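Asker: I am attaching a structure below and will ask some questions about it afterwards.
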Amino acid sequence: MPDIPNPLTAVKSLLHSRGYGNHFHYLKFLLTISDKITLKNDNPDTFINQQKALIGMTSIPLMKKKCGPRGFQTLADLRNPALMEFIGRYARLCEPDTIFVRTDAPEDAHYIREQALLQGEEYPLTLKGHTVHFDGYYDQARDKKNTQFLVPPEMTLGSGFNTLEKEQGITEIHSLLQGIMKGKKLYVLFLALGPLASPFSIYAVQLTDSAYVAHSEDILYRPAYEWFKAHPSLPFFRYVHSAGVLDERNTSAHRDRRRIYIDLEDDLVFSVNTQYAGNTVGLKKLALRLAIQKAQQEDWLAEHMFIMGVHGDGRRTYFTGAFPSACGKTSTCMVEGERIVGDDIAYLHKGSDGVYAINVERGILGIIRDVNSEDDPLIWEVLNSPGEVIFSNILVTDNIPYWQGDGKELPESGTNFSGSWYRGKTDSQGHEIPFAHPNARYTLRLDTLKNHDPAYEDPEGVKIKGIIYGGRDSDTWPPLFQSFDWIHGVITMAASLESETTSATLGKEGVKELNPMANRDFLSIPLGKYIEHHLSFIQGIEDPPIIFGVNYFQKNEQGEYITSIHDKQVWLKWMEHRVHGEVHILPTPIGYFPLYEELHPLFEQVLHTSYSYEQYETHFTLRAQENLQKMERIQKIYASFDHIPGSVFSVLTDQKQRLITAIDHHGPSIPPSVWVQ
Ligand code: SPV
Ligand code: MN
């Protein structure tokens, strides 16, 4: 008997051949909801016609009504049935009163900003263009527990993932979304992850009923309506967000029903009953998860990295850097004298002569804590000048924002993330409420920063000469070191990155966690595959980047920090020289250390300070025992995962052996002079 072709497969290939790739998922959806459709094995064309008829019956009249004539025409002009259906499907389910379809026109962006104020999701501050938004008291950070991957039966992500059976997840989220936007407006946004026209950019559609989220997306991402219009069969990521019922403070009322569900199969993310940007702004960390999967399939890297230009002798050299949240990523790419391309997410591609990176964003959602005039003069300037800025979860008194570490005198009372605040206010468990949340943020556009690098708009990206990894590590790593080679760097630095937890996620702070590539929270593929992909990524590349490790959080035995906040400027200059082969190195069991003779003049030149040999010795004494324990700890963790590449264990074992030999000869703590030949 001949094989009977799977009807869905037949329809899928037909749709693909006609440029309607995304349509397939809608067909499947229609099949699940409609008893009017039966799929004929032999005639996919009939099926398509039936489906078109159904579209006509359902979405179009509804969309016309909700969008109004202008909005509907704006959508129709895209000539993209998959898009129309996606929006129609969720308009039907969520039942917004009206739909606002945003084009790239400045008036549309302006309208959204106005709505955020009118709806009370943002309030104006004294400086023109500044607004404040508050998230709910328990909605102040990314919610890892309720962020789950929806996995169909055939998908295996391996251990360490928070997953939910797809059908069950879709059913649950659809029931949560049912009628959730009644009385509200749905914003439809067309956006780009990366510069328009870059071969490396990804496109996305965000649906949200929050004007604050829509406003944030406008500051952070490039509008792409015209790009969609010019490319009717453009593939795109999709996001559906609802803040849900709002309480009297306009914050999401039902935190027990907060869900962030990621459907990797359909490049679709749902986020419900939350407002915190990390949970709701689709193009940020929700897109990063989808991008990591796509990158794996297409052989590029989607990373939690800044991109910056460091100045050398008459040149600008580009670096990326991966740090867990709240560990100095933004402050590194914002250091004085250098250039920022982006502070959070980079897509890395192979070029003929090296690795190139694009910044997917056009703005910054930065942690505001400790931003002050001395340490962050350029951010400070934007935060204290008229212009478009959203502050979130800070304290407001007399329309002036205050945050932790701003260096200003603290008022006695005001409004903060707990509502009306006064000194000594406690929460329901009797804990004192800080005047501003430690994860309070600012949202601004990159081009308002004096040190932005226009290269952030370069569709080809910038060529990366060095990749930096750093975490919150009080007792193990030195402040600066170089890996022996790519494999050693990927395994002992990137994949062995540990960090003490911070306020950027809900939960206890200060616990040491393995955070491979600082991307652990956003991984959407098995860890072993992700590491393997990194290991092989530079194969065949003529001039691959050099991998470095840094540590800004090293402490002495008394528990005091032993490097200054400004030292990173020197470390960057050393790395810049190093990638051009202009400074020397000391080989140690964990990598190459800088030489005192070459750091000393850099401290003079960059910070106008005299770096003493004693300081150097304190910073670069190898904490061999701690490093050995770290290797053991990491090996043990990796042994608990399936399918970790064998080289991870052998490279860690080699490093362990080098450390054991060094400890035998020199003791647990080894001054750098030992390595001088
Ligand atoms: C981070 O926490 O790493 C951020 C902000 O960049 S969030 O959008 O919450 O991810
Ligand atoms: Mn981040």
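The values are calculated or read from the model by the stated rules, or taken from the named source; none is laboratory data. Computed from a prediction, not measured in an experiment: that's the story for all the values here. Ideal geometry is used to build each Cβ from the backbone, glycine not excepted, and the neighbour counts take in all protein chains shown. These area figures cover heavy atoms from the full protein model, side chains too; ligands, DNA and RNA do not enter into them. Shrake-Rupley method; radii C 1.70, N 1.55, O 1.52, S 1.80 Å.
Asker: Quick one: if you stick a label point 7 Å off each Cα along the C-beta vector at Asn556 and Gln629, how many nm between them?
Answerer: Result: 2.0 nm between the two label points.
Asker: Taking only DSSP H segments of four or more residues, each worth -39500 (n - 2.57), what value at 222 nm results for the chain once the sum is divided by all its residues, to the nearest 500 deg cm²/dmol?
Answerer: On the way: 18 runs with 219 residues, N = 677.
Computed ellipticity for the chain at 222 nm equals -10000 deg cm²/dmol.
Asker: Angle check, please: helix 23-33 long axis (alpha carbons) against the longest principal axis of the chain (alpha carbons), in degrees 0 to 90, nearest 10.
Answerer: For helix 23-33, the angle is close to 60 degrees.
Asker: On a 0 to 90° scale, report how tilted helix 527-537 is relative to the longest principal axis of the chain, with both axes built from alpha carbons and the result rounded to the nearest 10.
Answerer: In the chain, helix 527-537 runs at an angle near 70 degrees to the longest axis.
Asker: So between Ser413 and His584, what do we pick up on full extension, going 0.36 nm a residue minus the alpha carbon distance? Mind showing how you got there, number by number?
Answerer: On the way: separation 171, 0.36 × 171 = 61.56 nm, distance 5.48 nm.
Gain on stretching Ser413 to His584: 56.1 nm.
Asker: Right, something else. Less than 14 Å apart at the alpha-carbon level, and either on another chain or at least 8 residues along: which aspartates and glutamates does that give for Lys529?
Answerer: Glu298, Asp299, Asp642
Asker: From the Cα gyration tensor of the stretch 213-311, with a ≥ b ≥ c the square roots of its eigenvalues, which class applies: rounded if a/c is under 1.5, or else prolate if a/b is larger than b/c, or else oblate?
Answerer: Details: a/c = 1.65, a/b = 1.54, b/c = 1.07.
Because a/c hits 1.5 or more and a/b exceeds b/c, the stretch 213-311 counts as prolate.
Asker: Now, a different point. For the full complex of protein chains and a 1.4 angstrom probe, list Glu576, Glu513, Glu460 by accessible area with the highest value first.
Answerer: Numbers: Glu576 0, Glu513 60, Glu460 100 Å².
Correct descending sequence by accessible area is Glu460, Glu513, Glu576.
Asker: Let me ask something else. Debye sum, Cα scatterers, the chain, no solvent: what log₁₀ I/I(0) at q = 0.10, 0.11 1/Å?
Answerer: So the normalised log intensities are -0.97, -1.15.
Asker: Taking the Cα centre of the chain as the origin and placing charges on Cβ (Lys, Arg +1; Asp, Glu -1), which of Gly510, Met308, Ile292 is farthest toward the positive end of the dipole?
Answerer: With unit charges placed on the Cβ atoms, the residue in question is Ile292.
Asker: Once you have a ≥ b ≥ c as the square roots of the Cα gyration tensor eigenvalues for the stretch 371-519, tell me rounded if a/c is under 1.5, and otherwise prolate or oblate according to whether a/b is larger than b/c.
Answerer: Details: a/c = 2.76, a/b = 1.42, b/c = 1.95.
Oblate is the answer for the stretch 371-519, as a/c is 1.5 or above yet b/c matches or exceeds a/b.
Asker: Could you tell me which of Gly179, Pro645, Met155 has its Cα farthest along the dipole of the chain towards the positive end, charges placed at Cβ (Lys, Arg +1; Asp, Glu -1), taken about the Cα centre?
Answerer: Gly179
Asker: Any idea what Rg and Dmax come out to for the stretch 423-465 if you just take the C-alpha atoms, in Å?
Answerer: In Å, with Rg to one decimal and Dmax whole: 20.0, 54.
Asker: If you don't mind, another one. Below 16 Å, Cα to Cα, which aspartates and glutamates can Lys284 reach? Residues fewer than 8 away in the same chain don't count.
Answerer: Asp143, Glu217, Asp218, Asp263, Asp267, Glu303, Asp343, Asp344, Glu361, Asp521
Asker: By how many degrees, 0 to 90 and rounded to 10, does the Cα axis of helix 567-579 deviate from the longest principal axis of the chain?
Answerer: Helix 567-579 and the main axis of the chain meet at about 90 degrees.
Asker: So how much accessible area does Ile307 have, in Å² to the nearest 10, using a 1.4 Å probe?
Answerer: In the full protein context, Ile307 sits at about 0 Å².
Asker: On to the next question. I'd like to compare 350-357, 421-428: which one has the highest average count of other Cβ atoms within 10 Å, and what's the full order after that?
Answerer: Working: 350-357: 17.4, 421-428: 11.8.
Descending packing order for the listed peptides: 350-357, 421-428.
Asker: Separate question: Taking a probe of 1.4 angstrom, what is the accessible area of Met334 in Å², to the nearest 10?
Answerer: Number for this one is 20 Å².
Asker: While we're on this one: So for the pair Ile60, Val245, with labels modelled 7 Å out along Cα→Cβ, what separation do we get in nm?
Answerer: Result: 3.8 nm between the two label points.
Asker: While we're here: If I compute solvent accessible area with a 1.4 Å probe over the protein chains, what percent of it on the chain is carbon and sulfur?
Answerer: Values: 13500 of 26080 Å².
Ligands and nucleic acids excluded, carbon and sulfur reach 52 percent.
Asker: Does the stretch 55-160 come out rounded, prolate or oblate by the C-alpha gyration tensor, with a ≥ b ≥ c the root eigenvalues, rounded set by a/c under 1.5 and, if not, prolate when a/b is larger than b/c and oblate if not?
Answerer: On the way: a/c = 2.30, a/b = 1.01, b/c = 2.27.
In terms of gyration-tensor shape, oblate.
Asker: Give the ranking of Asp77, Asp370, Asp266 by solvent-accessible surface, highest area first, calculated with a 1.4 Å probe.
Answerer: Details: Asp77 55, Asp370 85, Asp266 25 Å².
The most accessible residue leads, giving Asp370, Asp77, Asp266.
Asker: While we're on this one: Taking a probe of 1.4 angstrom, what is the accessible area of Val382 in Å², to the nearest 10?
Answerer: My reading of the accessible area for Val382 is about 20 Å².
Asker: Here's another thing I want to ask about it. Using the beta-carbon distance between Ala230 and Thr163 and R0 = 41 Å, what value does 1/(1 + (r/R0)^6) give for FRET efficiency, to the nearest 0.05? Show your work: numbers first, answer last.
Answerer: Working: r = 37 Å, r/R0 = 0.91.
Result of the calculation: an efficiency of 0.65.
Asker: Right, here's the next one. Among the trypsin sites (Lys or Arg not before Pro) within the stretch 487-527, which fall in a DSSP loop and have no more than 12 other Cβ atoms within 10 Å of their own Cβ?
Answerer: When the trypsin sites (Lys or Arg not before Pro) of the stretch 487-527 are filtered for loop state and at most 12 Cβ neighbours within 10 Å, Lys508 remain.
Asker: Quick one: plug the Kirkwood hydrodynamic radius of the stretch 269-413 (C-alpha pairs) into Stokes-Einstein at 25 °C, 0.890 mPa s, and report D in µm²/s.
Answerer: Numbers: Rh = 17.3 Å.
The calculation lands on 142 µm²/s.
Asker: Averaged per residue, what accessible area in Å² does the stretch 141-230 show with a 1.4 Å probe, protein chains only? Can you show the working numbers first?
Answerer: Working: 2970 Å² over 90 residues.
Dividing the accessible area of the stretch 141-230 by its residue count gives 33 Å².
Asker: Over the stretch 420-564, give the accessible area per residue in Å² for a 1.4 Å probe, as an integer.
Answerer: 37
Asker: Then there's this: Checking the cross-link filter: which aspartates and glutamates have an alpha carbon closer than 14 Å to that of Lys182, excluding same-chain neighbours under 8 positions apart?
Answerer: Glu95, Asp97, Asp209
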